[in-house]
Structures are given as structure tokens and as C-alpha cells.
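To keep things clear, I will list the structure first and then write my remarks on it.
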Amino acid sequence: MSGAQTRLRPAPGLVAVERRDPVAVLTLDRAQVHNALNRQLLDELDTAVAAAAADPAIRCVVITGAGEKAFSAGADLDELQDLTVAQATEVLARGQAVLRRIAGAPVPVIAAVNGHALGGGFELVLSCTFPVLSARATLALPETGLGLMPGYGGTQRLPRLVGRSAAAHLMLTGARMDAERAHQLGLTPLPPVPGTTADLVAAAVDVADTIAARGPLAVRAVLTALATDGPLEAGLSLETALAGALTGGTEAAEGIAAFRDRRAPLFADPTDATGVTHPHRAPAEEPR
């Protein structure tokens, strides 16, 4: 678990922001409407993720939903009703842009899915680096039942994760998937977490702490490599360049020295102009 918990900003809004050094926990805070994604919430989420990613002390972000019922029930239908084609296209493009920025964040973003993640809520999960799911979580893309379709990236991200057939079945039938099935399909690397939302967030923060203990430049390089969507050869060339820069850099020198000295590494924050190093918990598998 992380240490002290502090609020990053006191102003009220639809995204509650809490700092659990070195992790920022962002909570979608519209529990009365199952954390539906309206424009204000998406704008605040966009701002909060960007602010956390720009903070050199934050090494990972966790997103969850307020309450015990829902991560997010999806796009706010009140904002989609009676739109013209041009208006709907603009709204969907804006929402998709927010999720694309989350997907491209320079720090890992973990979705702590505490209940229903439906429609745009599921698409938000898909835009994160990976999810940690509550045993009570359900995920679905039910849009076709309303004469709609996923518009925040679901048709593109889901097939890349579970394959075309499974993705087509989920989108065309609107079938709900429980946490165990999501784990079986490879949507989450971790088994479902029992208990309350607080238990789930604690589990997600534990995973985030493990990532935060590792080299921040190395983590960013892995995220960059994972985002490559082109031919294999281009990806391998990018990997070589990234790995070479890391291997010849000061972060790797510190990591290797710490390994040899059987101590926790002191990795510098990647955007800290002072060059000050900060101790973090050593990865569990490394010798003590």
C-alpha cells in the first residue's frame, strides 16, 4: 500500500482526485447516475489525467467509480438525445479524443472496475493500460440494442485484445461479461478482487506501487513500445532504439548498481530538472 493520502485539489467537481504517493487515484463521482460520462466529467477526467502525468512525483494513475454499483454506466444519454448527425459526430469525436489521450498517457493508467462498466464506461476501461476487476464487475457494449454503436474506440480496441469473433459477439449481442470471463479472455491480467470498492482500489494501488518502484524511464519506454501498431519490423526497430537508450543511460546504471549492492534503487524522476533521486519500494522478486 502507498503512504499518506492527500487531495490534489479541493475544488468540487465530477472527478475526485486523491494522491497516494506515488499514485494518483481518480474517482468518477456521479454515483447518482452510475457515473455516466457527460461532457463535464470527460473534460475533468482529461484534465486530471494530464495533470497527474505531468507531475514528476506521480508514477501511476488509478481510475475508479464512486459507490459500489458502477464504474461507469457509459455515455450520458441525456446529452446524446435529439442531436443532429453533425452534433453527434462532434460529441463522439471529443469523447474518443479524451480516451485516446488516456491510452497514450506517459504513465500507466489502471482501471479499478468496481461494478458495471457499460458502453462508454467499458470503452474507458479498454483505453487504460489494463484493468483490475472487482468480483462484482460486469462489462458490456450494449449500444446496438439502442440503435447505436460503440463510438469511443470500442470497435477498434476490443478486437485487438480478445480477437474479432469474441468482440463481434459482445458488440452484436450486447452480452454482459462477468469478471471471471474477462479474466479468461485476457482483458485483465489479474483474477477478480473480492470485497468492496475500497478493497478493489487498495488492490489496484498495490499493483500501481509495484510499477512505481521500477525505473520511470523504462516504464515510459515500454508504454511507447506497446503503443506501436505497425509492422513487426518497425516495432522491433523502435524497441532496439528505446532499449539502447535505456541501457546506456543513468537509470539503468543505478538499477544495475542497486541490484549488485542488494539495495532498493534510487531512480530519478524523469522530469525532475534538479536530478534529485527518490527511494521507492524495491520490486518483490529482486534480492534483498
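The values are calculated or read from the model by the stated rules, or taken from the named source; none is laboratory data. What you see is a predicted model, and the numbers here were worked out from it, not measured in a lab. All Cβ positions, glycine included, derive from the backbone under ideal geometry; neighbour counts span all protein chains shown. What goes into the accessible areas is simple: the full protein's heavy atoms, side chains included, and nothing from ligands, DNA or RNA. Shrake-Rupley method; radii C 1.70, N 1.55, O 1.52, S 1.80 Å.
Cβ-Cβ distances below 7 Å connect the following pairs, each with a first residue in the range 204-223 that is within 12 Å of V107 (Cα to Cα) and hydrophobic (A, V, I, L, M, F, W, C), a second residue that is in a loop (DSSP other than H, G, I, E, B) and open to solvent by less than 10 Å² (accessible area, probe 1.4 Å), and a separation of six or more residues or different chains: I211/P108; V219/P108; L223/P108. Of all residues in the range 95-142, those satisfying the criterion of being in contact with a strand residue (DSSP E or B) (Cβ under 9 Å, 6 or more places away or on another chain), open to solvent by 10 Å² or more (accessible area, probe 1.4 Å) and in a helix (DSSP H, G or I) are A103, L126. Among D209, D199, which is out of contact with any helix residue (DSSP H, G or I) (no Cβ under 7 Å at 6 or more places or on another chain) and either surrounded by fewer than 17 Cβ atoms within 10 Å (Cβ to Cβ) or not in a helix (DSSP H, G or I) (or both)? The unique qualifying residue is D199. Among the numbered conditions (1) without any contact (Cβ under 8 Å) to a residue 60 or more places away in the chain; (2) open to solvent by 20 Å² or more (accessible area, probe 1.4 Å), the only one that L41 does not meet is (2).
Please tell me if E18 is touching a strand residue (DSSP E or B) at 6+ places or on another chain (Cβ under 9 Å), open to solvent by 10 Å² or more (accessible area, probe 1.4 Å) and not in a helix (DSSP H, G or I). It is true that E18 is touching a strand residue (DSSP E or B) at 6+ places or on another chain (Cβ under 9 Å), open to solvent by 10 Å² or more (accessible area, probe 1.4 Å) and not in a helix (DSSP H, G or I). If the condition is being part of a loop (DSSP other than H, G, I, E, B) and of a type in the set (G, A, S), then the range 26-75 contributes A36, A57, A66, G67, A73, G74.
Scan the range 127-141 residue by residue and report those that are under 23 Å from R94 (Cβ atoms) and in contact (Cβ under 8 Å) with a residue 60 or more places away in the chain. Listed by number, the residues that qualify are C128, T129.
Within the range 217-235, count every residue that is open to solvent by less than 70 Å² (accessible area, probe 1.4 Å), over 13 Å from T129 (Cα atoms) and either β-branched (V, I, T) or assigned to a helix (DSSP H, G or I) (or both). So the count comes out to 5. Evaluating E239 against the criteria (1) in a helix (DSSP H, G or I); (2) farther than 20 Å from P56 by Cβ; (3) open to solvent by less than 80 Å² (accessible area, probe 1.4 Å) leaves one unmet condition, (3).
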